[in-house]
Amino acid sequence: MNENLFASFMTPTMLGLPVVVAIIMLPTLLFPTPKRLINNRIITMQQWLIKLILKQMMLIHSNKGRTWSLMLITLILFIGTTNLLGLLPYSFTPTTQLSMNLAMAIPLWAGAVFLGFRYKTKMSLAHFLPQGTPIPLIPMLVIIETISLFIQPMALAVRLTANITAGHLLMHLIGGATSILISISPPAALTTFIILLLLTMLEFAVALIQAYVFTLLVSLYLHDNT
């Protein structure tokens with residue numbers, strides 16, 4: 001195979017212009033606004049799933065934290081649909097780009113931390129220095145807790161990027177091996193094709209799980225600061 005292994009992760013362009021904005025806006029077309037008095041089965045199922053996820057996610061939050069419910073449910077729907085659309089042939093997955101994931105993680109993390117310092121100042125500052133810490137260890141613990149706080153958005157972005165990228169690379173490698181083995185050994189090609197089908201099913205699950213994990217961690221950061 002002479003094809004670049006990472007070619008599918010390159011930003012697509014049309015007439016020399018990036019089309020990432022159009023790709024990012026594409027998932028919004030999958031959630032039409034209901035305009036009828038009685039919804040059809042698809043919209044009813046969609047609303048039921050949204051309410052179920054939102055109820056489970058907002059269960060631990062206070063009234064102040066529940067004001068973020070629209071943002072969190074929008075986030076999980078956006079990441080989930082983007083990951084699923086990235087599994088289609090000849091498609092592009094924006095969530096494989098670390099820059100985009102950081103652009104989602106940093107503002108949400110910063111907003112949650114800002115709320116903590118505004119409404120729970122003492123509790124937020126107490127995280128930097130656990131009670132009963134020996135005096136000689138105070139500077140070291142403050143530095144460690146500060147670093148761990150600023151690593152949180154990086155961990156969010158890297159986790160999503162790594163999981164989605166690893167799955168796509170593995171599917172690309174197994175698919176290439178299957179196409180080569182067809183002319184060499186049909187039984188081996190059939191085996192690798194079955195593995196590819198199972199891996200594709202796994203990637204569908206990973207796409208949804210990673211969207212839920214990303215949003216859940218943002219929700220937990222918000223819960224700790226509200």
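The values are calculated or read from the model by the stated rules, or taken from the named source; none is laboratory data. Every value quoted in this text rests on a predicted model; they were computed, and no experiment measured them. Note: ideal-geometry Cβ built from the backbone for every residue, glycine included; neighbour counts use all protein chains shown. Only protein heavy atoms, including side chains, enter the accessible area calculation; ligands, DNA and RNA are left aside. Shrake-Rupley method; radii C 1.70, N 1.55, O 1.52, S 1.80 Å.
A few notes on this one:
- Screening the stretch 54-80 for residues that are touching a Phe, Trp or Tyr at 6+ places or on another chain (Cβ under 8 Å) and in a helix (DSSP H, G or I) and picking the one that is most open to solvent (accessible area, probe 1.4 Å) gives Leu77.
- Odd one out for Phe214 among (1) out of contact with any Asp or Glu (no Cβ under 7 Å at 6 or more places or on another chain); (2) open to solvent by 30 Å² or more (accessible area, probe 1.4 Å): (2)
- Contact map, the stretch 45-58: first residue at pLDDT 80 or above, second residue of a type outside the set (A, V, I, L, M, F, W, C), Cβ cut-off under 6 Å, separation 6 or more or different chains; pairs are Leu54/Ser69; Met57/Ser219; Met58/Arg66; Met58/Ser69.
- So His172, is it in contact (Cβ under 8 Å) with a residue 12 or more places away in the chain and open to solvent by 80 Å² or more (accessible area, probe 1.4 Å): no
- The residues in the stretch 20-65 that are β-branched (Val, Ile, Thr) and within 22 Å of the chain's Cα centre (by Cα) can be counted, and the count is 8.
- Boolean, Thr121 is open to solvent by 30 Å² or more (accessible area, probe 1.4 Å), within 18 Å of Ser62 (Cβ to Cβ) and hydroxyl-bearing (Ser, Thr, Tyr): yes
- The lone exception for Pro153 - which of (1) open to solvent by less than 90 Å² (accessible area, probe 1.4 Å); (2) farther than 20 Å from Val218 by Cα it fails: (2)
- Taking residues in the stretch 117-144 that are in contact (Cβ under 8 Å) with a residue 60 or more places away in the chain, and partners anywhere that are of a type outside the set (S, T, N, Q) and in a helix (DSSP H, G or I), the pairs with Cβ atoms closer than 6 Å and at least 6 places apart or on different chains are Ser124/Gly116; Ser124/Phe117.
- Filter result for the condition that a residue is in a helix (DSSP H, G or I) and touching a Ser or Thr at 6+ places or on another chain (Cβ under 7 Å), over Met140, Met154, Met171: Met171
- Residue under evaluation Ala205, criteria (1) in contact with a helix residue (DSSP H, G or I) (Cβ under 6 Å, 6 or more places away or on another chain); (2) at pLDDT 85 or above; (3) hydrophobic (A, V, I, L, M, F, W, C), criterion not met: (1)
- Subset of the stretch 81-91 (residues that are outside any helix (DSSP H, G or I), open to solvent by less than 50 Å² (accessible area, probe 1.4 Å) and either modelled with pLDDT of 85 or more or of a type outside the set (Ser, Thr, Tyr) (or both)): Gly86, Leu87
- Residue in the stretch 128-147 that is buried (at least 17 other Cβ atoms within 10 Å of the Cβ) and at negative phi present: no
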